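What follows is one structure encoded as structure tokens, with my remarks underneath.
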């Protein structure tokens with residue numbers, strides 16, 4: 001045996017000596033961490049991962065208006081002219097073809113919305129008849145009618161909305177927020193993704209990319225909302241928690257020895273941390289994810305659909321300190337339900353009925369529990385839909401195509417004005433023309449309400465400083481409370 005081999009083999013006494021030191025170091029680290037005495041990483045550094053409780057930018061000098069975000073993502077792209085942006089001029093121009101431009105396909109004529117719009121609440125926020133439940137919380141809503149993005153295709157549109165870049169793979173917004181702020185609850189991940197199936201693009205939408213792996217979204221399959229179906233191996237029958245703790249401590253000590261022998265790496269550190277988070281989740285997840293603990297009246301308020309109960313679960317996670325909760329609107333047979341190329345009107349009726357009830361319930365429930373003031377709720381898709389028809393042989397089955405140059409987004413809660421409508425598209429809903437808000441501007445604004453400066457939240461990778469908004473973005477001061 002050569003000298004290298006001898007150095008790698010340990011006697012039992014040496015193994016116990018090193019392991020004992022490792023246990024002590026882990027215990028000391030935990031105590032210092034809980035006391036807030038561990039130094040945080042410098043902004044933009046490539047040092048160790050951010051603390052699981054307080055991220056590297058926890059102290060930025062900005063006053064946070066919100067502590068957490070719940071993103072309700074309408075996969076496929078809702079039609080702005082049928083939901084939040086009334087365009088009576090479409091009736092006057094019905095059937096006329098819009099000017100040719102950068103369209104994806106040949107255009108049909110302009111199509112007026114069949115849905116009535118009316119003002120609601122003391123603020124007079126205008127909503128489509130598709131949202132009778134949201135009408136009841138109209139004074140909590142902030143509607144942005146002047147969104148625009150760069151491309152009318154799902155994959156790049158989704159990536160841009162989630163990560164600020166059209167190409168895979170950059171860190172998602174949830175990962176940036178986890179990196180910047182950490183989590184309020186060390187027993188749960190900072191970033192949780194709720195989806196009943198894989199959306200278009202998939203895990204790249206919640207990737208941490210070059211950020212430390214601890215900040216990647218924890219994806220939870222909500223196909224079956226029973227706790228033991230959502231979270232595999234949440235319990236260990238026949239094994240006490242103390243014994244599990246001893247086993248994990250021993251395994252982690254071996255991991256640390258492995259790290260010492262081979263050198264530290266972000267991948268290994270992420271694996272070590274993920275095991276620790278998984279153990280801690282066993283203590284809290286069985287309670288946090290158990291929506292059966294909610295009264296039947298609350299479950300009925302949200303609607304006992306997959307999306308409705310996912311919104312209820314999002315509220316449970318928010319009140320337990322999860323920073324960023326991403327809820328995808330998906331169905332068992334469709335990973336982009338709002339992509340209404342056909343039967344736009346009827347499909348919007350069905351989709352909105354489900355989403356309206358759950359979204360309004362979430363907003364009202366957060367307010368009742370005193371959580372709306374520091375929780376930002378975001379509702380929208382990757383883009384809107386055309387004010388004109390997508391050509392169809394069956395006029396009764398007319399749909400609307402993808403539309404990137406003007407669409408709407410709904411916000412509510414911490415940091416934004418309530419009972420307020422911002423910006424405008426032109427009279428036909430073709431282009432955002434007043435108070436224009438790009439995706440980068442939206443991201444900058446969301447980070448701002450959380451107390452993060454989008455220009456300072458950076459990470460050095462491959463020789464340059466990256467950020468969520470790249471070299472773009474401005475805070476939309478007009479919508480800030």
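The values are calculated or read from the model by the stated rules, or taken from the named source; none is laboratory data. All values derive from a computational prediction rather than experimental measurement. Note that each Cβ is placed from the backbone with ideal geometry, even for glycine, and that neighbours are counted across all protein chains shown.
The helices (runs of 4 or more DSSP H) falling completely within segment 266-374 that include 2 or more residues that are more than 30 Å from residue 386 (Cα to Cα) and modelled with pLDDT of 95 or more map to 296-302, 306-318, 344-368. Please determine whether any residue of segment 468-478 is out of contact with any helix residue (DSSP H, G or I) (no Cβ under 9 Å at 6 or more places or on another chain), assigned to a strand (DSSP E or B) and at pLDDT 95 or above. Scanning segment 468-478 turns up no residue that is out of contact with any helix residue (DSSP H, G or I) (no Cβ under 9 Å at 6 or more places or on another chain), assigned to a strand (DSSP E or B) and at pLDDT 95 or above. Screening residue 142 against (1) at pLDDT 95 or above; (2) part of a loop (DSSP other than H, G, I, E, B); (3) closer than 30 Å to residue 466 by Cβ leaves a single unmet condition, (2). Take the conditions (1) surrounded by fewer than 23 Cβ atoms within 10 Å (Cβ to Cβ); (2) in contact with a strand residue (DSSP E or B) (Cβ under 7 Å, 6 or more places away or on another chain); (3) within 28 Å of residue 310 (Cα to Cα); residue 109 misses just one of them, which is (3). Checked against (1) assigned to a helix (DSSP H, G or I); (2) assigned by TED's automatic domain parsing to the domain that holds residue 349; (3) in contact with a strand residue (DSSP E or B) (Cβ under 9 Å, 6 or more places away or on another chain), residue 127 passes all but condition (1). Hey, does segment 450-462 have a residue that's closer than 19 Å to residue 143 by Cβ, touching a residue at least 60 places away in the same chain (Cβ under 8 Å), in the same structural domain as residue 355 (by TED's automatic domain parsing) and assigned to a strand (DSSP E or B)? The answer is no, given that none of the residues of segment 450-462 is closer than 19 Å to residue 143 by Cβ, touching a residue at least 60 places away in the same chain (Cβ under 8 Å), in the same structural domain as residue 355 (by TED's automatic domain parsing) and assigned to a strand (DSSP E or B). Filtered by the rule that a residue be in a loop (DSSP other than H, G, I, E, B) and under 25 Å from residue 122 (Cα atoms), segment 393-439 gives 414, 415, 417, 418, 419, 423, 435.
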